[in-house]
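Following: one structure in structure tokens, then a few remarks.
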Amino acid sequence: MNDCPLKFQQINEIIGDTTFSDETLINVKSRIDRLLCTVNNVKELTEKLYNEFVQNPDIQSLLTDLVSISETFRGLDAEEFTSLIKENIDKIEQYSRDKEKENFRSLYKSANDDIEALKIQMQLRDKLKKKYGKVI
């Protein structure tokens with residue numbers, strides 16, 4: 001957005017270590033991170049991104065969608081903008097957690113025997129240990 005109340009660096013700090021699961025979004029965010037030092041404004045960043053992905057119509061379509069979506073952020077003050085970014089990050093993280101839960105459920109249901117089911121349970125236990133430091 002051209003009239004964004006936050007600077008690129010501020011937005012990057014808010015986003016922090018948010019993990020994107022979609023390869024296309026990962027690729028676009030990575031490219032944005034590399035281009036931030038070489039641009040002066042959003043218009044220049046957008047043009048460079050379109051040029052970077054000139055051979056990839058799927059990413060160009062995504063960029064068009066992102067530019068269009070950014071219009072919903074227009075006119076927000078810095079606090080509202082920050083809050084909206086954080087809400088979207090929360091949704092991305094919740095989606096990732098839900099997808100991971102569903103993946104574990106699916107793997108468990110499709111286990112062919114007790115050994116395979118036990119392996120899946122152990123993976124889940126290890127994941128919980130890593131997240132919480134202990135199994136709840």
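Just so it is clear, none of the values below were taken in a lab; they were calculated from the coordinates. These figures come from a predicted structure and were not determined experimentally. Glycine gets a Cβ as well: all are built from the backbone with ideal geometry, and neighbour counts include every protein chain shown.
Taking the Cα centre of the stretch 1-75 as origin, sum charge times position over the Cβ atoms of Lys and Arg (+1) and Asp and Glu (-1), and report the length of that vector in debye to the nearest 20.
Numbers: 7 positive and 12 negative charges, 47 e Å.
That gives the stretch 1-75 a dipole magnitude of about 220 debye.
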*Report the full-extension gain for the segment Asp22 to Leu128: residue separation times 0.36 nm, less the Cα-Cα distance, to one decimal in nm.*
35.8 nm
*List the equivalent ellipsoid semi-axes of the stretch 1-75 in whole Å, largest first, each obtained as the square root of 5λ for an eigenvalue λ of the Cα gyration tensor.*
18, 15, 13
*Express the Stokes-Einstein translational diffusion coefficient of the chain in µm² s⁻¹, to the nearest whole number, given a Kirkwood radius over alpha-carbon pairs, 25 °C and a viscosity of 0.890 mPa s.*
138 µm²/s
_Ala78 paired with Gln60, simple spin-label distance in nm, labels 7 Å along Cα-to-beta-carbon_ = 3.7 nm
*trypsin sites (Lys or Arg not before Pro) restricted to the stretch 25-108 and DSSP loop, no more than 16 other C-beta within 10 Å*: Arg74
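Quickly estimate the mean residue ellipticity at 222 nm for the chain, helices only: each DSSP H run with n ≥ 4 gives -39500 (n - 2.57), and the total goes over all residues, rounded to 500. Could the numbers behind the result be given before it?
Values: 6 runs with 97 residues, N = 136.
The helix contribution divided over the chain gives -23500 deg cm²/dmol.
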*Have a look at Asp98, Asp114, Asp33 and tell me which one the Gaussian network model of the chain (Cα, springs below 10 Å) gives the largest fluctuation.*
Asp114
*asked:* Given points 7 Å out from each Cα along the Cα-Cβ axis, report the Arg31 to Ala117 separation in nanometres with one decimal.
replied: 4.7 nm
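Could you list the chymotrypsin sites (Phe, Trp or Tyr not before Pro) in the stretch 69-136 that lie in coil according to DSSP, counting only those with at most 14 other Cβ atoms within 10 Å of their Cβ?
Details: sites: Phe73, Phe81, Tyr95, Phe104, Tyr108, Tyr132; in loops: none.
In loop regions of the stretch 69-136 (DSSP not H, G, I, E or B), there are no sparsely surrounded chymotrypsin sites (Phe, Trp or Tyr not before Pro).
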_Which of Thr24, Thr46, Leu62, positive extreme of dipole for the stretch 1-75 (C-beta unit charges)_ = Thr46
*asked:* At 7 Å along Cα-to-Cβ for each site, give me the label-to-label distance between Ser110 and Lys86 in nm.
replied: 3.9 nm
